[in-house]
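Take a look at the structure set out below.
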Amino acid sequence: MAEEQLDIEIFESVIAMAVRAPSVHNTQPWRWRLAGGGIDLHADRTRQLSVSDPGQRELLLSCGAALHHLRVALAVHGMAAGVTHLPDPADSEHLAHITVTQQGPTSADIDLAAAVLHRQSDRRRYGSRPVHSRHLRQVAVGAAGFGAVAREVPPTLRATLARTTRVAADRHAVDLDYLGELSTWSGRTGTSDGVPARNTPHVPPSDEIRQRNFSQPVLADPASAPDASEWLVLCTPADDRRAQLRAGEAASALLLTATELGLSTCLQTEPIEMPDLRAAIRAEVLFDCAFPQTLVRLGWPSSTAAPLPLAPRREPAEVIDGYATAC
């Protein structure tokens, strides 16, 4: 099938959907450009978290999530994406080259595209309604299509996982470099990136599995019933840059599928940022069978929870290289 040539209007439209992807601290560490009739995705290292992500694993996860969002956007425009990961060994910032061919959208494509517009990272407590195993299987299927596995954390291992999240939180609470970086990227008001104060609640210290404490949280969390959240570990058999990039695609597929089902979700990477705690999760939760890339919390939203305000995103013009020339 012959490759399609993207015009600038469609290009801008699909990038506007791609940037809705989740990224660590909403740093949005990506650059896009039209190239050879296709699209190039590049890492933006100026947005790397040098303290908490010195190896760029979370940057790659973030860019992978945006790459999957781009696939969804192209599909709903009637185009299938052919992706070459890490196409240039001499350029570590060049993460993917995407070519497109004509292909009519399916109903599943349309549903995923709708989920792009509705998915939000909900860090509040969830409701008391249990998540059925069939729903966990549904969200896991999407991840499997990108070389990753979403492993449910069973009740017998929750205490093990909880310990790593508490240790990570305690270490970060006294790490001045980390706290400085966190304050730079969270507690934001009136910006197009970073974690907004209005989207972050206080983290109850009584939570079994701790979430990250962001700066200046102001989001109300009215939930009072027991939280029936489930936790997944998204993991990969390898741990190279390609595996980490594809894990981001898998995370996006999982989150969008959960959103379709009406589930609330958020990613948690704090303990995985620390090599010893990541090794502990690999050994004690995954039994040395795979490498953990991110934790995923999901559950039914609380009946008393108000709709979340949209988290900000940069405009396509801010993340497209050569924008003025292309226009």
So, Phe146, is that one part of a loop (DSSP other than H, G, I, E, B) and either under 21 Å from Ser302 (Cβ atoms) or out of contact with any helix residue (DSSP H, G or I) (no Cβ under 7 Å at 6 or more places or on another chain) (or both) or not? no
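To keep it simple, each residue is scored yes or no on (1) closer than 25 Å to Pro54 by Cα; (2) in contact with a Phe, Trp or Tyr (Cβ under 9 Å, 6 or more places away or on another chain).
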| residue | (1), (2) |
| --- | --- |
| Gly142 | no, no |
| Gly147 | yes, no |
| Pro155 | no, no |
| Ala159 | no, no |
| Asp177 | yes, no |
| Gly180 | yes, no |
| Gly187 | yes, yes |
| His202 | no, no |
| Leu219 | no, no |
Sort through Thr99, Thr106 and tell me the only one that's open to solvent by 50 Å² or more (accessible area, probe 1.4 Å), of a type in the set (Ser, Thr, Tyr) and farther than 19 Å from Ser23 by Cα. Thr106
Going through segment 167-197 one residue at a time, which ones are buried (at least 16 other Cβ atoms within 10 Å of the Cβ) and either aliphatic (A, V, I, L, M) or out of contact with any helix residue (DSSP H, G or I) (no Cβ under 9 Å at 6 or more places or on another chain) (or both)? Val167, Ala168, Ala169, Leu182, Val195, Ala197
Just to verify a result, which residue in segment 222-241, among those that are open to solvent by 40 Å² or more (accessible area, probe 1.4 Å) and modelled with pLDDT under 95, is nearest to Arg151 (Cα to Cα)? Asp227
Would you check which residues across segment 176-231 are of a type in the set (Phe, Trp, Tyr), touching a strand residue (DSSP E or B) at 6+ places or on another chain (Cβ under 9 Å) and farther than 14 Å from Asn26 by Cβ and list them? Trp231
In segment 199-216, residue farthest from Arg297 (Cα to Cα) [restricted to those that are at pLDDT 90 or above and open to solvent by 40 Å² or more (accessible area, probe 1.4 Å)]: Gln216
Residue pairs meeting the criteria (Cβ under 9 Å; at least 6 apart or on separate chains; first closer than 11 Å to Ala66 by Cα and open to solvent by less than 10 Å² (accessible area, probe 1.4 Å), in segment 242-254; second at pLDDT below 95 and among the aromatic types (Phe, Trp, Tyr)): none
All positions within segment 264-276 that are in contact with a helix residue (DSSP H, G or I) (Cβ under 8 Å, 6 or more places away or on another chain), open to solvent by less than 10 Å² (accessible area, probe 1.4 Å) and not β-branched (Val, Ile, Thr): Gln268, Glu270, Pro271
Residue hits (segment 109-122; among the acidic types (Asp, Glu) and open to solvent by less than 20 Å² (accessible area, probe 1.4 Å)) are Asp122
Only residues in segment 173-187 that are closer than 19 Å to Arg47 by Cβ count as the first member; pair them with residues that are in a strand (DSSP E or B) and open to solvent by less than 20 Å² (accessible area, probe 1.4 Å), Cβ under 7 angstrom, at least 6 apart or cross-chain, and list the lot. Trp185/Val195; Ser186/Val195
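The values are calculated or read from the model by the stated rules, or taken from the named source; none is laboratory data. Predicted, not measured: the structure shown is a model, and the values here were computed from it. Methodologically, a virtual Cβ is constructed for each residue, glycine included, from the backbone with ideal geometry; neighbour enumeration extends over all protein chains shown. Side chains included, ligands, DNA and RNA excluded: accessible areas come from the protein's heavy atoms. Shrake-Rupley method; radii C 1.70, N 1.55, O 1.52, S 1.80 Å.
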